Structure formats: structure tokens, C-alpha cells
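Every number here is computed from the coordinates shown, using simple stated rules; none is lab data. Because the structure is predicted, anything quoted here is derived from the model rather than measured. Note that each Cβ is placed from the backbone with ideal geometry, even for glycine, and that neighbours are counted across all protein chains shown.
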Amino acid sequence: MKVALQNLTKIFPSRDKKAGKEVVAVNDFTFDIPDGKLIGLLGPSGCGKSTTLYMISGLQKPTSGKIFFGEDDVTELSTENRGIGLVFQNYALYPHMTVKQNILFPLQNLKGADKMSKEAMLERAEWAARLVQIDDLMDRKPSEMSGGQQQRVAIARALVKMPRVLLLDEPLSNLDARLRLQTREEIRRIQRETGITTIFVTHDQEEAMSISDMIVVMKLGVVQQIGEPQEVYDNPTNLFVAKFLGTPPINVFSGKVSGGKLYIGQDAVLEIAGVSDQEVTVGVRPEGFELAEDGKLHCQLSNVEVMGRDVSIVSTNEASLNPMIRSIINADNKVDLANKVVSYNVKPHKLFLFNKETEERIPFEVK
Ligand code: ADP
Ligand code: MG
């Protein structure tokens, strides 16, 4: 089921009537979520992810704008009638019910033409339990299960009505690191198996990048960029997006374009065309540095961290806007910590220029 948002906006009145300003939690969102895809709504806490999801679910009413499921305008439809499945961060299972009863619950509440026979309900509950691989835990109570298992039950309960759209709000946040990894792969598998259009909300860029067909990067209620994860990583539209995606994060320098050369501090690191002389902000991905004896960018070596396959070199440079510069290079490269200076060449496709004031990306050509 394709989901389309049209100028979707949510404004919360100020809590403090005198001093406070209203909050534009979601500002004029217009985009399509393609049928059968998993899309990640991504951004820092408070950027409007949950509000967007709640409006799609019908739990919150938009201030303006419309929501379509396929051709149907569902903006005024109640949550029950939208055909959605919802999963929250805190599993929200009924503690006194068994797993089976929890999963059956949404089916038992169906009314009218949707009403199901007891056998059909049981069959459906077992299908959902098998899908999330908890079919051997059906008689347990939530308190007798791990967080990961509880979240699987919550997902089964959201799937049991075969929703048109599955909405997940930070579903992995309460799980420990390993379970988080495992469960996110499970969610991806379940989504592929069922083909249900899924909207996955997270503040964790790695999580969103790893499982989404498409990500929507948001900041303060405004969509910054929409695209396939790799595409957004390789072509960030502005400094915020460049900084938000990637671990370790992108290295940021103050720089200058002058006479066709790009300078970081005193070092002319690249010959470029198509940019007028100006001060710029320069972003270099950690994998964008190449060690070279005659490398053009000179940094003061602080530390070398060996991480098996890769080496992470920590250095400093006066032009760096972060305390430390972190480069990731192949572990075959030997770096002598006794050296005071480390010299790099910079891979042009891993380097981005941004307008110093607006922080928008500046395109350039390599000479
Ligand atoms: P996220 O899920 O990305 O962390 P939210 O959608 O929860 O962000 O919140 C977006 C903004 O809207 C925040 O500034 C938040 O404080 C505000 N907000 C959310 N819900 C309410 C509400 N019920 N009343 C007032 N402000 C709200
Ligand atoms: Mg939230």
C-alpha cells in the first residue's frame, strides 16, 4: 500500500501561554512512501518523527495537510479503520495475558463483517507467531520473556490483522546492543516476507541505514533529504545530513577556495573548478583520506587505533572544527606513532564543500 503525505503539518500550541512559542513539530511534509518498501524516518530527538508516525496512524490529527493510503484519503479516518499495525519502543503488552492472548486480542475486537471464527483467529495468531519466531512461547506471560522476545510479541500483535501499513516507533531502543542488531535484521526479513509497507522511526542513523530501502532525514520538523541510504551518504544535501550519517562521523574543517585551489588551513589539498573564491566548510569522510609521504594535508598525529581490518588514525589540525580528526585506512598501512606529522591526500568523492553560512552543499569539479 502506497502512503502519500501531502503538505502534512502539525503545530502544537505553546505549553507556556505567556513566554512559549508554538512548536511546528512537522512542517509541510510532502512525500510518497512506495508500496511494499521499508522506509526509515531518521533524525535527532525532537525532530518530529513520532508526530509524523502518529498522524499516519490517526492517533494525532494534523493541523493541515492530507494523508493517503493508496487512493484513499485517510486523513479523517479513525485509527481502527486505517488498517495499520503499530509497535512502540516499550512493547506495551498486556502483562496479565499470555503471548497467545496478547496476539489474539486485536482479532477478538474485530466487529461486523471483519469478525473471525475462533479457528481462523487461532490460525492467524499462529501464523504471526511463526513469522516472528515465538510460536514455542505462546503460553508464557510477558514477564517471563526477554525484551527481545517481548518486542517480537508486540510485532506479531501488530501483524496479526494483516495491516496495510506497519508503523514502528523506535522499536529497538529498549534492547541491548546485540539484540538490537539481531532484531533489526528480523524486522527486515519479516517486512520482505510479508511485503507490508513499513515506516520505521529511529534516531540511530546506522540502524536506519542498514535496514531501509529509503531514508527520510529530518531536522526540527523539516525534511532535509530523502533517498536510498547509500545515495544520501554519498551525496548529502547539506552539512547537517553529512554530519548525521556515518560512523565515525564526517570530519569537518574550515577551508577556503582561492584561485582554483581548495585550502584546508595553509594546505592546498585539491585543485577544483566551478567554485568562486570564498570561505567554505569542508567535510571529509573518515574513509576519504589516503596516507602518502607527499600528501597535501598535514595533521598532527595523536593516536593509532588498530581495529582488525582497519586502522583508525586520530590526529589534529588547526583548521579542524572538531577536536580530533579520525581517518579509517586499511590495516596493511603501517603508521609509526613516533612520527609527529601524518600526511594525507584526500579522495575527491569523499570530500564535500558547504556554504559557510547556509551550510548547503556547493558542487565542484576536480581539475
Ligand atoms: P521525535 O519523535 O523525533 O523525538 P516528536 O515528534 O516526539 O519528536 O516531537 C517533535 C516536537 O514536537 C518536539 O519539539 C516536541 O517537544 C513537540 N511535541 C510533541 N508532542 C507534543 C505535544 N503533545 N504537545 C506539545 N508539543 C509536543
Ligand atoms: Mg519519538
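Cross-link check: pairs K243/K350; K37/K161; K21/K49; K61/K118; K256/K367 evaluated at a Cα-Cα cut-off of 24 Å; pairs beyond the cut-off: K61/K118. In this structure the amide hydrogen of Q225, modeled in the peptide plane, comes within under 5 Å of the amide hydrogens of V217, none closer than 5 places in sequence on its chain. Anisotropy class assigned to the range 113-170 is oblate, per the alpha carbon gyration tensor with a/c at or over the 1.5 cut-off and a/b no larger than b/c.
The dipole here belongs to the chain: it is taken about the Cα centre, uses +1 on the Cβ of Lys and Arg and -1 on the Cβ of Asp and Glu, and is about 1040 debye. From largest to smallest, the equivalent ellipsoid semi-axes obtained for the chain from the alpha-carbon gyration tensor read 46, 25, 16 Å. Exposed loop sites are taken as GluC sites (Glu not before Pro) in a DSSP loop (any state but H, G, I, E or B) with at most 12 other beta carbon atoms within 10 Å; the longest stretch of the chain without one runs 77-292. Stokes-Einstein, applied to the Kirkwood radius of the range 251-366 over Cα pairs at a viscosity of 1.567 mPa s and 4 °C, places its translational diffusion at 90 µm² s⁻¹. Among the trypsin sites (Lys or Arg not before Pro) in the range 62-167, those placed in a DSSP loop whose Cβ has at most 12 other Cβ atoms within 10 Å are K111, K115.
For A113 and S276, the FRET efficiency from 1/(1 + (r/R0)^6), where r spans their Cβ atoms and R0 equals 56 Å, is about 0.25. What whole-number distance in Å separates the alpha-carbon centres of the range 246-261 and the range 288-323? Centre-to-centre (Cα) distance: 14 Å.
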